[in-house]
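Heads up, the thing below is written out as structure tokens.
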Amino acid sequence: MADLNSTASHAAAVPATGEEQKRQAARQSKDVEQTRPVGPLQTEQGNTTIAETVVQKIAGIATREVPGVYAMGSSGRRAFSSLSERIPGSQTNVSGGVSVEKGERQAAIDLTVVVEHNASIVEVSQMIRRNVIQSVEDATGLEVLEVNINVTDVHLPEDDRKDSNDPGRSELQ
């Protein structure tokens, strides 16, 4: 035991060699890099956090801007939204059909859409991805890793005619 203690005190008294100094400097620089803020949302003045609902709304708006997108969400979600929109003072739910997984610096987005009958699903999905990635990254600073698109239906012109033949539907429009 006495030998270990004397060796430890001896090491503290002996200056480090050039190689040891380099290793210590490298360790210290790694420690500084790890504590340095990374990305536009983490700065030396503070951190900015963004809720998933914010990303959902931005992605929902960006998706609806794309020509060829008729609606978003599952049929149940769309039916609920159409009823709630008829209530005076209600707000449109722009995040319906959008699911987000978000970390501190990155996000993954899942979309559920209905496409117009004459639109190319391939082209519409490419435009959706471009628009959503650009909108979310520009607005939030988050890196969008992926945008998954689930096309659940194709809207046909006959669907509009069926709705207009419904006597209860014409009163509400």
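If you roll a 1.4 Å probe over region 102-155 with all protein chains in place, what percent of the accessible area is carbon or sulfur? Ligands and nucleic acids excluded, carbon and sulfur give 41 percent.
Taking amide hydrogens as placed 1.01 Å from N in the peptide plane, the amide H of VAL113 sits under 5 Å from those of GLY73, ASN150, VAL151, THR152, each at least 5 positions away in sequence or on another chain.
Near the amide H of GLY39, within less than 5 Å, lie no amide hydrogens of residues on another chain or at least 5 residues away, with H placed in the peptide plane. Residue-wise HN-Hα couplings along region 59-73, as the Karplus relation 6.51 cos²θ - 1.76 cosθ + 1.60 with θ = phi - 60° gives them from phi, are 5, x, 5, 4, 5, 5, 6, 7, x, x, 8, 8, 7, 10, x Hz; Gly and Pro carry x.
Note on ASN150 and GLU104: with the Förster distance fixed at 30 Å, the Cβ-Cβ geometry gives a FRET efficiency of about 0.70. With a Förster radius of 45 Å applied to the beta-carbon distance between THR17 and THR49, the computed FRET efficiency rounds to 0.50.
Here the spin labels are modelled as points 7 Å beyond Cα on the Cα-Cβ line, and at ARG130 and ILE61 they lie 2.1 nm apart.
The values are calculated or read from the model by the stated rules, or taken from the named source; none is laboratory data. It should be emphasised that the depicted structure is a prediction, and the values quoted were computed from it without experimental measurement. Cβ atoms come from the backbone with ideal geometry, glycine included; neighbour counts cover every protein chain shown. Just so you know, the surface numbers come from the protein's heavy atoms only, side chains and all, with ligands and any DNA or RNA stripped out. Shrake-Rupley method; radii C 1.70, N 1.55, O 1.52, S 1.80 Å.
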